[in-house]
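Q: First the structure, then my questions, so here it is.
The values are calculated or read from the model by the stated rules, or taken from the named source; none is laboratory data. Predicted model only: the values in this text are computed from it and were never measured. Here the Cβ positions follow ideal geometry from the backbone for every residue, glycine too, while neighbour counts run over all protein chains shown. In case anyone asks, the SASA skips ligands and DNA or RNA and just uses the protein heavy atoms, side chains included. Shrake-Rupley method; radii C 1.70, N 1.55, O 1.52, S 1.80 Å.
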Amino acid sequence: MSSDNRCENCGSKAFHVERISEVFDIDGRFCVVEEIPAMVCDRCGEELFSSETSEHIRVMLRGVDKPLRSVSLDVFSFQEAV
């Protein structure tokens, strides 16, 4: 990301590089990808991935890669709770 870019959420130009984890919903199956290189907005925390990183994640989740491990996940419905 060049210094000319702005955060789409708050307009800030200040970012730092961080490795993050993100949850993806792939056809109703939730997958966690860890250690994703991201640019994180210093002001609001918005996380941005390069197009190359996004494509790598897409291929990894839609391809033949096997997960490193599986975990159990509790699911709650906000709508059911109110």
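Q: When residue 36 is evaluated against the numbered criteria (1) of a type in the set (A, V, I, L, M); (2) loosely packed, with under 15 Cβ neighbours inside 10 Å; (3) in contact with a Ser or Thr (Cβ under 7 Å, 6 or more places away or on another chain), which criterion, by number, is the only one it fails?
A: Result: residue 36 passes all but (2).
Q: Still on this model: Could you grab the pairs with beta carbons closer than 9 Å, sequence gap of 6+ or different chains, first residue in segment 63-80 and open to solvent by less than 100 Å² (accessible area, probe 1.4 Å), second one not charged (D, E, K, R)?
A: 65/59; 67/31; 67/32
Q: Can you work out which of the residues in segment 10-37 that are modelled with pLDDT of 90 or more and over 15 Å from the mean Cα position of the chain (by Cα) is nearest to residue 70 (Cα to Cα)?
A: 16
Q: Let me ask something else about it. Among (1) open to solvent by 50 Å² or more (accessible area, probe 1.4 Å); (2) touching a residue at least 24 places away in the same chain (Cβ under 8 Å), there is one condition residue 19 misses while meeting the rest; what is its number?
A: Only one criterion in (1) open to solvent by 50 Å² or more (accessible area, probe 1.4 Å); (2) touching a residue at least 24 places away in the same chain (Cβ under 8 Å) is unmet by residue 19, namely (2).
Q: Can we say residue 51 is open to solvent by 60 Å² or more (accessible area, probe 1.4 Å), free of Cβ contacts under 8 Å to residues at least 12 places away in the same chain and not charged (D, E, K, R)?
A: Taking the combined requirement at face value, the residue satisfies it.
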